[in-house]
Amino acid sequence: MAQRRRSGHEWGQLADTVGPRVRLLRNALAARSIAALEEFALPTGSLTVLSLIAANPGSSQTVLARAAGLNKSALVGIVDELEKRGLAARDRSASDRRRNQVTVTPEGAAAMQALFAAVTTEEGPVRDALGLADLEVLLALLDRAIAALEEG
């Protein structure tokens, strides 16, 4: 493939690699999101965890950690803080008393919407640059790439 340029610099042998570009995008979005969510004083990853809990009721903390791309101790720290703030609740699973299931409280649902609005604003430049069709393609490609690494 052809050498692609970024900010006037050649990528060299990394011209056809995914990792550096994903890292740049992730770092830029993470920095913007952290700044936008600072007023909420929640741990980084709280929106991801709340969203996954809401979308997957009854999931174990192990499953949530895997889906969020967090190690289990990081997830437990986030859930501890969410629970302390009344945004999430942890209960013993009725089907397996050894595991906890986590739910989003009504306060957590409201906080999640406010967090989502702030992050969506920060993603605006990416969404605008891509447009809806290309954004859907990007998300599908990212999901395929993640699945390929999880399978391999």
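Residues that are at pLDDT 90 or above and touching a helix residue (DSSP H, G or I) at 6+ places or on another chain (Cβ under 6 Å) do not occur anywhere in segment 24-31. Just one of the listed residues (L47, L25, L37) is touching a Phe, Trp or Tyr at 6+ places or on another chain (Cβ under 8 Å) and among the hydrophobic types (A, V, I, L, M, F, W, C), namely L47.
Of A110, A88, all but one fail to be modelled with pLDDT of 90 or more, crowded, with 16+ Cβ neighbours inside 10 Å and more than 14 Å from the chain's Cα centre (by Cα); the exception is A88.
Just so you know, in segment 83-123 the residues that are in a loop (DSSP other than H, G, I, E, B) and basic (K, R) include one that is farthest from L64 (Cα to Cα), and it is R85. Out of E122, E136, E150, one residue alone is surrounded by 13 or more Cβ atoms within 10 Å (Cβ to Cβ) and acidic (D, E). It is E122. State whether one or more residues within segment 104-118 are among the β-branched types (V, I, T) and either touching a residue at least 24 places away in the same chain (Cβ under 8 Å) or touching a strand residue (DSSP E or B) at 6+ places or on another chain (Cβ under 7 Å) (or both). Yes; the residues of segment 104-118 include at least one that is among the β-branched types (V, I, T) and either touching a residue at least 24 places away in the same chain (Cβ under 8 Å) or touching a strand residue (DSSP E or B) at 6+ places or on another chain (Cβ under 7 Å) (or both).
Of the residues making up segment 52-79, those that are modelled with pLDDT of 90 or more and under 18 Å from A110 (Cα atoms) number 7. Taking T103 as the residue in question, decide whether it is touching a Pro at 6+ places or on another chain (Cβ under 7 Å), surrounded by fewer than 16 Cβ atoms within 10 Å (Cβ to Cβ) and modelled with pLDDT of 90 or more. For T103, the condition - touching a Pro at 6+ places or on another chain (Cβ under 7 Å), surrounded by fewer than 16 Cβ atoms within 10 Å (Cβ to Cβ) and modelled with pLDDT of 90 or more - is met.
The values are calculated or read from the model by the stated rules, or taken from the named source; none is laboratory data. Everything numeric here is computed off the predicted structure, so don't read it as measured data. As a convention, Cβ positions derive from the backbone with ideal geometry for all residues, glycine included, and neighbour counts pool all protein chains shown.
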